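Encoded as C-alpha cells, the structure appears first; notes follow it.
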Amino acid sequence: MLGVLRNRTYRHLFLAQVIALIGTGLATVALGLLAYDLAGPDAGAVLGTALAIKMIAYVGVAPVAAAFAERLPRRAMLVCLDLVRAAIALMLPFVSEVWQVYILIFVLQSASAAFTPTFQATIPDVLSDEKEYTRALSLSRVAYDLESVASPMLAAALLTVVSFHSLFAGTVIGFLASAALVVSVILPGPKAAEHRGIYERTTRGLRIYLATPRLRGLFALNLAVAAAGSMVIVNTVVLVQAEFGLAQRDTALALAAFGGGSMIAALLLPRLLEKTPDRTAMLVGSATLVAGLFIGVFVPSFALLLPLWLAIGLGYSLAQTPSGRLLRRSSHPEDRPALFAAQFALSHACWLITYPLAGWLGATIGLPATFAALGATAAAAAFIAMRLWAAHDPDEIEHVHESLAEDHSHLVGAEPVVNGHRHSHVYVIDSHHPEWPSKA
C-alpha cells in the first residue's frame, strides 16, 4: 500500500493531509478545554453547539465552494484555505466570549468544507491508475484513524509542559506546513467545462449524485455509517465510565479498539477490492455495522465491548472507504469537485441527524434502546442501499439519444433507430445524459 507514496505529488499531498489532521486534532482537544475555561459546567452545551455549527457549515458551504473550485486554480485555492484556517486557529486562544468561539468555528469549518472536497477531487487526477487510487483511499482512511489516536496522546504530552492555549499553535503550524507542502507540487488544474451559471454549478454535483443509482445507494450507506459511528463517538464515554464504572483511560482504549478495527479494514481493502465488487464489500460492511449495533443491546461488560467496537470499526471502514471509487467512476474529471462536495455535504447531513439522535436517545431511553434504535436505522439504510444500487452495475450502458441533432459530435458511430440514435459507452450523468437509462 505504501508503494503509492513513490508518486511525489501524492506523497506531498498525503503528508499535507496528515500534518493538517494532527493540527486539527490538537485544536479539538484545545477547543474542549477552551469551552470549559469560558463556560465551566456548561462546556458540554458550548461544544454541542460548536459541533452543530461545524456540520451546518459542512452541509451548506461545500456545494457553493465546489462551484468556485471549477474556475479557480486548485493549488492556489487549497493554499489560501490552509492560510485562512491557520489565521482562525491563531485567533482562538484570544477569545473571551462564547459567541466569538461560534463565529470563528463557523469560518474555520467553512474553510475546511471548501478544502476537503477540493483536495479529495484532486487525488484521482493525480493517481489515474485505479489500483493506486484504491491504495490512496485506504492510506487516507488509516491517516484519519491514526489521527484520532495520535492527536489526543500528543495533546496530553504537550499539556504537561504548556497551557492548552499553546495547542492552537500546533494547529497553526499544521495548517502552514500543509500549505507549504501543497505549494511544493504542481497540481492538475480544473478540467475545462462548458460555461454554467452559479446556480447550475452549485447544484450540479447534487443533481449528478441523486441521478446516479449507485450514488443514491451510497447516500443510504452514509446513513448506516453515521448511525454506527455516532453511537461509538457519542456514547463510548457513557458506556465505559457511567455504565461500567471505569476510568478515562478505558474510554481511550475503547475508542482505540474502534480505530484499530477501521485501520485493519483499510489495510486489507486494496487487495480485497481487486477481487470483490465495491457494492459487495460496502454492503458487507454495513451488515457488520447493523449486527454490531444489535449485539450492543446485550453487551454486559467492558471486556466484550472492546471486540464489539473492533468489529464495528471494521464495518465502518469497509462501508465507507470505497466511496471515492464510486464518485470517480460516476463523473467526468471536470465534475469531480462538485460531486465530491455533494458527497461531503450529504454524508455530513446524515451525521447532523445521528449525532443528536445518539445523544438524546441515550439520555432519555437508555443505551440498550439506543443501540436498538440506531441498529434499526442502519438496517433500514442498508436495505434501501441494496434496493437502490442494483447488483448488475456495468460501466458501459447501451442507451438511446432522442433529442440530440443527427450531426452532433457525440453521435459519431451511433446506430440510427426509430426514436433517435443508439450507442454504448461508459455512462455518467452529464449535459448529454441528464437521466439514468430506465432499462439499465
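Label positions at R271 and T160, each projected 7 Å from the Cα along the C-beta direction, are separated by 3.8 nm. Counting only Cβ charges, +1 for Lys and Arg and -1 for Asp and Glu, the dipole size of the chain around its Cα centre is about 520 debye. Among the GluC sites (Glu not before Pro) within segment 388-420, those in coil by DSSP and having at most 13 neighbouring Cβ atoms inside 10 Å are E402, E406.
Of the residues G261, G366, G60, the one that moves most in a GNM of the chain with alpha-carbon contacts below 10 Å is G366. Modelled label positions at E406 and L90, each set 7 Å beyond Cα in the direction of Cβ, lie 6.6 nm from each other. Could you point to the residue in M386, A180, A66 farthest towards the positive end of the chain's charge dipole, with +1 and -1 charges on the Cβ of Lys/Arg and Asp/Glu respectively? Of the options given, the answer is A180. Charged side chains reduced to their Cβ positions (Lys and Arg at +1, Asp and Glu at -1) give segment 243-344 a dipole of some 300 debye around its Cα centre. Stretching the chain fully between R8 and T49 yields a gain of 10.7 nm (0.36 nm per residue, less the alpha carbon separation). Give, as a single signed number, the net charge of other residues whose beta carbon lies under 13 Å from the beta carbon of A381, with Lys and Arg counted +1 and Asp and Glu -1. Local net charge: +2.
The residues neighbouring S112, those whose beta-carbon lies less than 13 Å from its own, together hold a net charge of +1 under the Lys/Arg +1, Asp/Glu -1 convention. Helix 278-296 and the long axis of the chain differ in direction by around 30°, with both axes built from C-alpha atoms. Segment 307-334 and segment 201-233 have Cα centres lying 11 Å from one another. When the alpha-carbon atoms of segment 7-190 are used, the pair Rg, Dmax equals 16.7, 52 angstrom.
Where a number appears in this text, it was derived from the coordinates with a stated rule and is not lab data. These numbers were taken from a predicted model, which means no experiment stands behind them. Reconstructed Cβ throughout: ideal geometry from the backbone, glycine too, with neighbour counts over all protein chains shown.
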